[in-house]
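Working notes, structure below.
Just so you know, all these numbers are worked out from the coordinates, no wet-lab data involved. Worth saying up front: this structure is predicted, and the values here are computed from it rather than measured. With ideal geometry, Cβ positions are generated from the backbone for all residues, glycine too; neighbour counts draw on all protein chains shown.
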Amino acid sequence: MAERVEQRLEDRIPELEQLERVGLFTRKEIRAVLRKASALEYKIQRRALRKEDFINYIQYEINLLELIKKRRARTGYWFKKDEIEYSILHRVHSLFNRATGKWKDDVQLWLSHVAFCKQWNAKHQLSKVFSTMLAIHSNKPALWIMAAKWEMETRLSSESARHLFLRALRFHPECPKLYQEYFRMELMHAEKQRREKKEFEQAKMDLGEFNYSDEILNGEMARIIYRDASQKIKGVEFQLAVLSIAKLFDFTQDLQKEILESLQARYADDPLTWDYMARRELELASLPPKKQKKEHTTKEQKVSEMAQREERCSAVFDEAVRAVPTEVMWKCYITFCLERYNRKTNSKELKQKRLERTLSVFSKAHESSLLLEALYKQWLQLLLDSNLSEKAVEVAEAATRHFSQSVGTWQMRLQVLIQLKRDDVTQCFEEAVKHVKSEGTLPLWTLWVEWSEGTNSKEHTEALYQRSLHATTPAESVTMKEMYLDWTYRNCGYKKVKKLFTSLCENRPFSLDFFRKMIQIEKEQESCKMLHLREYYERALREFGSANTDLWLDYIKEELSHPQGKPENCGSIHWRAMKMLQGDLVEDFVSKYTLLQTGHV
């Protein structure tokens, strides 16, 4: 091993000598580089290789390259790159090759090598990296796309890119993303050839052997790809993705028309098709007219034009909800209306039209019983923002009729009533807990008691807390116990909360925070008694002593620090902890206890 390391260090000597000779590094820096390189070399020559050692070595060499680059910029010396940088680059590639050969499954390592090649413009090496990587990770379409894009955009080789896409499609014949990028690549190739031909014609040059096929110039290759893909890949999403790509190129009108016709013919009942067709009206209307007398239209004309576009979109959506009366279709319509309403405009008239349209669509969807539960919340918020409080109350009530078992819907209705300070809040709460099953009602009870705390008397709120403990499931009652304890202390004082704590301890389950809250309350008293703290800690340990090391340590600290504490009890507590704690918690406890004894905790 030592011989190999020495050999590699000797191989560095020519580049280091050049660095010193041309004044980029001092002799002291050269020695430091050799020492560091020696240490890194020994790490990667061991039998038990570690990935981190290779990564550290590679990072060191990259940092060295960056430093040389900065030194060259500072001194203005740009010669001897073959003897210096290229030698280091070769070594980095060699390190990457060893690492990726050892850890073939680490995609991030391959991508790091790709990024390094791109940064230092190592095109020939990158081509080899892509070839090896794709042979191993042929099951990852994203890597095929990355390689094809590099061939197309950097090496300007559409033929190589096409070859890679065809190979990728043999492995992934139904991958939508691969077809989309292949489709894009062929259109980019066609655009490139159209541009070249135009430049030749403008320069009046003889094309000679350059043969530009009209089919390729018109995007026929992309059309073939689309037709093949549409036979294998079903769904509106793919059609829309391909159409959006085609729209980026100005020579694809016929292709766009074919995709659009296929979309309407094959997916006429899909909400996404109608959504696209409706929104398309905005784009069609935004195209400038052929004959335009004035160069600049007034603000009023722009507002009027926008209103007309939105009306046309709305007309298509109206037809859509008649043709496809589903919840998803109404959701598309409402989403469009909300997007337009939330757009900024200085025209109050246009803003009002958008509001009226949105509220009207919400109402129609509700009347059709096709309004999704989640959209009721948006409808209510819009009504409240528009100061239509009475309508908001009606809508909230209607929502709870449609979704009477939904806790979220009842919670939404109650929040509206509380916000508007209505008199029938209590009645609504009673109605809610009657309709909803006990499981999952915790949000309703927490909302109810929080509202009661600021509205009703202490007696009424206490009765509500007592009722909530029986109405909620055992798991949810834990939260109510914590809230009840906290409220009692804030409003009724220490004696009352101590009695309540004793009473609540009769019924499981508990949470650790429940006990910690009572311990904290005891500590806040002027005459904090260790006897009471012991009681609370003992109760907590009976429930959580087998799974919580911090609780034992806090108990020990309390005995050590409290004026009435008994340090002699710490040994007994430690022994009990060692008996009760399970698994790795024993070791964790011992470590923390040792730190406590040495004063580090």
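Using DSSP to define loop residues, name the trypsin sites (Lys or Arg not before Pro) in the range 204-272 whose beta-carbon has at most 11 other beta-carbon atoms within 10 Å.
Those satisfying the criteria are 204.
If each of residue 69 and residue 31 carries a label point 7 Å out from its Cα toward its Cβ, how far apart are those two points in nm?
3.0 nm
Between residue 421 and residue 568, what is 0.36 nm times their sequence separation minus the Cα-Cα distance? Round to one decimal in nm.
Using 0.36 nm per residue and subtracting the Cα-Cα distance, I get 47.0 nm.
Using a Förster radius of 56 Å, what is the FRET efficiency between residue 55 and residue 367 based on their Cβ-Cβ separation? Nearest 0.05, please.
Once rounded, the FRET efficiency stands at 0.35.
By the scheme Lys and Arg +1, Asp and Glu -1, what is the net charge of all other residues having a beta-carbon under 11 Å from that of residue 445?
-1
Compute the FRET efficiency between residue 228 and residue 282 as 1/(1 + (r/R0)^6), taking r as their Cβ-Cβ distance and R0 = 25 Å, and round to the nearest 0.05.
For R0 = 25 Å, the calculated efficiency reads 0.20.
Got the relative contact order for the chain handy, in percent, Cα pairs under 8 Å and 6 or more residues apart?
So the answer I get is 4 percent.
Can you work out ³J(HN,Hα) from phi for every residue in the range 484-501, in order, using Karplus 6.51 cos²θ - 1.76 cosθ + 1.60 and θ = phi - 60°, giving whole Hz and x for Gly and Pro?
4, 4, 5, 5, 4, 5, 5, 10, 10, x, 5, 4, 5, 5, 5, 5, 4, 4
Which of the lysines could a cross-linker bridge to residue 499, judged by Cα under 30 Å and excluding same-chain residues fewer than eight apart?
Candidates past the 8-residue exclusion: 458, 481, 517, 523, 529, 557, 566.
Please give the length that would be gained between residue 398 and residue 524 if that part of the chain were fully extended, namely 0.36 nm times their separation in residues minus their C-alpha to C-alpha distance (nm, one decimal).
40.5 nm
Mind listing which GluC sites (Glu not before Pro) in the range 441-506 are in a DSSP loop and have 14 or fewer other Cβ atoms within 10 Å?
506
Compute and list, largest first, the equivalent-ellipsoid semi-axes of the chain from the alpha carbon gyration tensor, each √(5λ) rounded to a whole angstrom.
In descending order, the three semi-axes are 61, 51, 22 Å.
Using helices alone, what [θ] at 222 nm do you get for the chain, with -39,500 (n - 2.57) per DSSP H run of 4 or more residues, divided over all residues and rounded to the nearest 500?
That calculation yields -25000 deg cm²/dmol at 222 nm.
Which percent of Cα-Cα pairs in the range 174-248 sits in each 10 Å bin, short to long?
19, 43, 22, 13, 3
Which value, to two decimals, describes the C-alpha radius of gyration of the range 451-601 once divided by 2.2 N^0.38 Å?
1.18
Using 0.36 nm times the number of residues separating residue 119 and residue 473, minus their current alpha carbon distance, what extension gain do you get?
121.4 nm
Obtain the nm distance between the two label points defined at residue 386 and residue 595 by a simple spin-label model: each point lies 7 Å from its Cα along the Cα-to-C-beta direction.
Computed distance between label sites residue 386 and residue 595 equals 5.9 nm.
Please compute the Kirkwood hydrodynamic radius of the range 20-128 from all pairs of different C-alpha atoms, in Å with one decimal.
Mean inverse Cα-Cα distance, inverted, gives 15.1 Å.
Rg and Dmax of the range 513-600, using alpha carbons, in Å: what are they?
Looking at the range 513-600, its Cα Rg and Dmax stand at 12.8, 40 Å.
Whole Å is fine, so just give me how far the alpha carbon centre of the range 423-474 lies from that of the range 165-239.
65 Å
If the cut-off is 18 Å between C-alpha atoms, which lysines fall inside it for residue 234, apart from same-chain ones fewer than 8 positions away?
177
Report, ordered by chain and residue number, the aspartates and glutamates lying within cross-link reach of residue 70, taken as a straight Cα distance under 14 Å and ignoring same-chain residues fewer than 8 apart.
Partners found: 85.
When you count, for each residue, the other Cβ atoms within 10 Å and take the mean per peptide, how do 305-312, 441-448 rank with the highest first?
Result, highest mean first: 441-448, 305-312.
I'd like the distance separating the alpha-carbon centroids of the range 534-601 and the range 35-55, in whole Å.
Here the two parts' Cα centres lie 45 Å apart.
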